[in-house]
Amino acid sequence: MCPSRPHRRSRQHSAHQVVRLHGEVTAHTADSTKKCLLDALADGPDVLVVDLGKVTYLSPGGCAPLFTALLAARATGTVLKIARAHDRAASTVCQVGLGELLDNSDFES
């Protein structure tokens, strides 16, 4: 099961696209998480927001799809933002170095 459910404002190109991840995001769910994020980027949004508000656990291995999505987003000019990360998930994002790659305005906890 995909640990995320892409939420799109429309089926056409939109300025913002939101992917809401939920549950445990680990190395075991990395492939499905990556697919969800890359599918959302394929729509060509100006901004992709990854909402971590309902993530109960984010492991370092679960951050790999976020790195992949960030690289893919930058290659197409899309801004990737991480939103609503609770303290533990925000700590993991920072520990793996992803927080350093995002502008402060692109990482909200």
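Any read-out appearing in this document is the output of simple, stated calculations on the displayed coordinates, not a laboratory observation. The structure presented is a predicted model; accordingly, all values stated were derived computationally and were not measured. All Cβ positions, even for glycine, are placed from backbone atoms using ideal geometry, and neighbour counts span all protein chains on display.
Things worth noting here:
- Applying 1/(1 + (r/R0)^6) with r as the Cβ-Cβ distance of ASP31 and CYS94 and R0 = 35 angstrom yields a FRET efficiency of 0.90.
- Distant-in-sequence amide contacts of LEU58, defined by a placed amide H-H separation under 5 Å and a gap of 5 or more residues or a different chain, comprise VAL25.
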